[in-house]
Amino acid sequence: MDTANRTVVAVKGLVLKNGQVLIVQRSMDDEVGGGTWECPGGKIDFGEDLETALMREIKEETGLNVTVEKLLYAVSFNTDPSRQVVLLTYLCESKSTNVVLSDEHSSYRWVSEEQLKVFLPKEILEDLEKNNVFSLQELSIKGKETLV
C-alpha cells in the first residue's frame with residue numbers, strides 16, 4: 001500500500017434542542033470548505049472512543065455538552081485521490097442553546113428541518129436523505145416545538 005494514502009475517521013453530531021438542529025459555518029479562511037455550513041464534529045484522536053471524540057469535538061467547537069443518543073449513519077468518501085474520510089454521524093441532544101464558537105467556525109444557527117435543507121451542502125443533504133434521517137421520530141415530534 002502507498003504510504004502517502006491515508007484514511008481519516010471523523011464524527012459529526014446532529015445536535016437537537018427543542019426540535020431545532022445546530023449547524024455551524026466554517027470560517028472563511030478554512031482551506032477546506034471555508035464558509036460552508038455543517039454539523040459540528042471532527043477527527044477522532046488515536047485510541048479515542050468514538051462517542052467521547054464526538055462529545056469533545058462538539059464541546060471544543062460550540063461550548064455545548066451533549067448526550068450522544070445513537071449512530072445515524074456512516075459514509076466514506078475521498079477528499080482527493082490520496083485521502084479517504086470515514087464519517088460517522090450521530091444523533092445528539094443538548095440541554096442548552098448557549099453556543100460559544102471556536103475559531104474554526106464563524107457563525108451558528110439553530111434551524112428547523114426545512115431550514116436545514118436550505119443551509120447544508122447538497123452532499124450532506126443527500127447523505128441525510130439516503131439514510132432516512134428526516135423521517136426520524138425525534139425530528140418530527142420535536143419539530144413541532146419552538147426554540148426557547
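The values are calculated or read from the model by the stated rules, or taken from the named source; none is laboratory data. Since the structure is predicted, the reported quantities are computational estimates derived from the model, not experimental observations. All Cβ positions, even for glycine, are placed from backbone atoms using ideal geometry, and neighbour counts span all protein chains on display.
Residues being in a loop (DSSP other than H, G, I, E, B) and under 20 Å from ASN132 (Cβ atoms) are represented in the range 35-43 by at least one member. The number of residues in the range 43-67 that are touching an Asp or Glu at 6+ places or on another chain (Cβ under 8 Å), surrounded by 19 or more Cβ atoms within 10 Å (Cβ to Cβ) and more than 17 Å from SER107 (Cβ to Cβ) comes to 2.
Remark: pairs (first residue in the range 100-121, on the phi < 0 side of the Ramachandran plot; second residue modelled with pLDDT of 95 or more and in a loop (DSSP other than H, G, I, E, B); Cβ separation under 7 Å; 6+ apart in sequence or on different chains) = VAL100/GLY63; TYR108/VAL99; TYR108/LEU101.
If you go through the range 1-35 and pick out every residue that is within 19 Å of VAL118 (Cβ to Cβ) and touching a Cys at 6+ places or on another chain (Cβ under 9 Å), you end up with 8. Residue count for the range 75-93, restricted to those that are more than 12 Å from the chain's Cα centre (by Cα) and closer than 29 Å to GLU31 by Cβ: 12.
The set of residues from the range 44-61 being more than 12 Å from the chain's Cα centre (by Cα) and part of a helix (DSSP H, G or I) comprises LEU50, GLU51, THR52, ALA53, ARG56, LYS59, GLU60.
Does the range 67-75 contain at least one residue that is assigned to a strand (DSSP E or B), over 16 Å from VAL11 (Cα atoms) and without any contact (Cβ under 8 Å) to a residue 60 or more places away in the chain? No. Return the residue satisfying two criteria in turn: it lies in the range 96-124 and is in a helix (DSSP H, G or I) and of a type in the set (D, E, K, R), and of such residues it is surrounded by the most Cβ atoms within 10 Å (Cβ to Cβ). So the residue we want is GLU113. VAL133 passes every criterion in (1) more than 20 Å from GLY33 (Cβ to Cβ); (2) at pLDDT 95 or above apart from (2).
In summary, LEU128 fulfils each of the numbered conditions (1) at pLDDT below 95; (2) touching a strand residue (DSSP E or B) at 6+ places or on another chain (Cβ under 7 Å); (3) crowded, with 19+ Cβ neighbours inside 10 Å with the single exception of condition (2).
Per-residue answers, yes or no, for (1) of a type in the set (Lys, Arg); (2) surrounded by fewer than 20 Cβ atoms within 10 Å (Cβ to Cβ); (3) within 13 Å of the chain's Cα centre (by Cα):
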{"residue": "ARG6", "(1), (2), (3)": "yes, yes, no"}
{"residue": "ALA10", "(1), (2), (3)": "no, yes, yes"}
{"residue": "LEU22", "(1), (2), (3)": "no, no, yes"}
{"residue": "GLU38", "(1), (2), (3)": "no, yes, yes"}
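Given the criteria part of a loop (DSSP other than H, G, I, E, B) and either more than 21 Å from LYS122 (Cα to Cα) or touching a strand residue (DSSP E or B) at 6+ places or on another chain (Cβ under 7 Å) (or both), does LEU64 qualify? So LEU64 fits the description; yes.
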